[in-house]
Amino acid sequence: MTIVKDAVVVGAGASGLFAAAFAGRRGRRVVVLERSAVLGSKIRVSGGGRCNFTNLNVSIDNYISQNPRFCKSALAGFTPDDLLQMIDRDGIRYFEKEHGQLFCKGTSGEIIAMLRRLCEETHVEIIYTTKIHDISKRGDVFVVVTNNGIFHCASLVLATGGISYPQLGATPFGYRIAGQFGLNVIPTHPALVPFAFNAQDAGNFGGLAGISIEAEVSCNKKTFRGGVLFTQRGLSGPPILQVSSYWRQGDAISINLFPDADAYEYLLSRRSLKAELHNILEFPKNFARRWCEIHSFIKPINQINDRQLKEIADQLQNWRLCPAKTEGHKRAEAVTGGVDTAELSSKTMEAKKVKGLYFTGEVIDVTGQLGGYNLHWAWASGCACGRYM
Ligand SMILES: Cc1cc2nc3c(=O)[nH]c(=O)nc-3n(C[C@H](O)[C@H](O)[C@H](O)COP(=O)(O)OP(=O)(O)OC[C@H]3O[C@@H](n4cnc5c(N)ncnc54)[C@H](O)[C@@H]3O)c2cc1C
C-alpha cells in the first residue's frame, strides 16, 4: 500500500507532534509514525509526572551545543508566552515552582491531551506501532517503507529524540538516518544524570542515602546551586544533574558546602567552643560526622590550630570528588551531542544539503539545562520546522 503525504514525521514526542500540528495548520497533509503504542511517553514522566513544560527565563544561555547560538532563532520564534497562550486555551492550570520553572498543577497527561487535540484539529494522522524498514530519496520524494505501508512525501522530519531513557522508546534512529544522508553527528553523552561514586567514596558515603544538603556544585567552569542528594550509589539532586551535562570522564567536581558564608569566618567565630567540629557544622548529623571522620577533622574546635582551620574551611568550600561515571543513558533526562547544528538551517531545521529533510528536538545537538528548557527546545524547534516543511 502506497500512501502519499506532504510530510511524514517520525516520532510522536513533543517536537514531532508540534512540527506536525504547525504544518497541519498550514493545510499540509501530515502523518506521524510512532514506533511505540502511545504518544509522548517522555512528556508523561517529565517533571515527576507534572511536566516542567517551559521556563519563563528561556535564553540561549540555558543550552549546550557546539554552536550555542544555533537555537536563538527558533527560541525567538516560539516563546514561553506563545506556549502559555496554548496552555491557557486548553484550560491547563500551572504554577511557577522556582527560577521560572512552570509545572502543571494537575498531571503531564494534560499536556499530552493538548497535543492530541492540536493534531486532531489540524487533521494530523498518527500511526502507532510503526516499524520503519527503510528510508530513501528518489528525486524530490522521500520513500518511507514501514510495516504499516509505504509513504511518499516531500518533507521528512526526524523527531526521534535523543538516546536518553531507552526504556521509554528512545532510539538512535535519527542519528542513523542523519548518517545515511551524509550529515555529521556529534558524539552523545548522558546529560542531567546522577553520578556514581568511585569505590573509595562509595565506602565513605554510601550509607548516607536520602540525605540532602544545600550546596553549590561546580564543574568545568559551570556552577549550580541546590540540594545535593546522596543516593545508594552516588550523588543526585538538581545541581548534580546540572553539572553532569558539562562533566566528562575523569573530571572532578567541586562542592561548596558553605555557599552563603565564608567558612573560615564561620569557624573562627566558633573557635572558643569545646564542641567537636562535626557538632558545630550545621549539616544533617550523619553527614557532618562522616565528613569530619573522612577528612580526619575529629577534634574539638578549640584544639584546632589556625593552619588546620584554614584547611577545613578550604575543604568545606571546595570539596572535590571524582565520580567514577554517570548513571548512563538509562537514568539521563537528556543527552548532549546529536545531529550537528552546522548541517541544519537554524530557521527551519532543514538539512542544508538534503532538501526536505528536517530534524527537530532532542535529536539535534542542542541540550537544555534542567528547568523546562529541553521541552521548550522541543516546542520551539518543532514549531520552526512545522512553519516551513
Ligand atoms: C525522566 C525524564 C524527565 C524529564 N523531565 C523533563 C521536564 O520536566 N522538563 C523538560 O523540559 N524536559 C524534561 N525531560 C526531557 C524531555 O522530556 C525531552 O527533552 C523531550 O521530550 C524531547 O522531545 P523530542 O520530541 O525531541 O523526543 P521524544 O520525546 O523522546 O520523542 C521521540 C519519539 O520518537 C519515537 N521514536 C524513536 N525512534 C523511533 C523510530 N525508529 N520510529 C518511530 N518512532 C521512533 C519515540 O518512541 C518517541 O515517542 C525529561 C526527560 C526524562 C527522560
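The numbers here are math on the coordinates, done by the rules we state, and not lab data. Since the structure is predicted, the reported quantities are computational estimates derived from the model, not experimental observations. Backbone-built Cβ (ideal geometry, glycine too); neighbour counts: all protein chains shown.
Tilt of helix 80-89 relative to the longest C-alpha principal axis of the chain, in degrees (0 to 90, nearest 10)? Once rounded, the angle reads 70 degrees.
Projecting the Cα atoms of F142, Q369, V354 onto the charge dipole of the chain (Cβ charges, centred on the Cα centre) puts F142 farthest toward the positive pole.
Listed peptides 134-145, 31-42, 2-13 appear in the order 2-13, 31-42, 134-145 once ranked by packing, highest mean of other Cβ atoms within 10 Å at the front. Restricted to Cα atoms, the range 1-151 shows a radius of gyration and a Dmax of 17.0, 51 angstrom.
Altogether, the Stokes-Einstein calculation at 10 °C and 1.306 mPa s, with the Kirkwood radius of the range 74-201 over Cα pairs as Rh, returns a diffusion coefficient of 85 µm²/s. So if I take the centroid of the Cα atoms in the range 213-288 and the same for the range 168-211, what is the distance between those two points in Å? Using only Cα atoms to place each centre, the spacing works out to 23 Å.
Once backbone amide H atoms are built at 1.01 Å from N, V9 has V31, V32, L33, V157 as its partners under 5 Å, excluding neighbours fewer than 5 places away on the same chain.
Across the cross-link table entries K42/K105; K221/K299; K42/K222, which are compared at the Cα atoms, the separations over 25 Å belong to K221/K299; K42/K222. Per-residue ellipticity at 222 nm, computed for the chain from helices alone with -39500 (n - 2.57) per DSSP H run of at least four residues, works out to -8500 deg cm²/dmol. Backbone geometry of the range 251-264 corresponds, through the Karplus equation with coefficients 6.51, -1.76 and 1.60 at θ = phi - 60°, to 3J(HN,Hα) couplings of 6, 9, 10, 10, 10, 9, 7, 10, x, 9, 8, 7, 4, 5 Hz, x marking Gly and Pro. Distance between the C-alpha centres of the range 296-368 and the range 75-121: 27 Å, rounded to the whole angstrom. For K352, the lysines whose Cα falls under 17 Å of its own Cα, not counting residues fewer than eight places away in the same chain, are K137. Per q in 0.12, 0.26, 0.28 Å⁻¹, report the Debye log10 I(q)/I(0) for the range 97-164, using one uniform scatterer on each alpha carbon and no solvent. Values, matching the q order: -0.53, -1.23, -1.24. The ellipsoid that matches the Cα gyration tensor of the range 195-326 has semi-axes, each √(5λ) in whole angstrom, of 26, 16, 13, with the longest given first. Summarised as an ellipsoid, the chain has semi-axes of 47, 20, 17 Å, derived from the eigenvalues of the Cα gyration tensor scaled by 5 and square-rooted, with the largest first.
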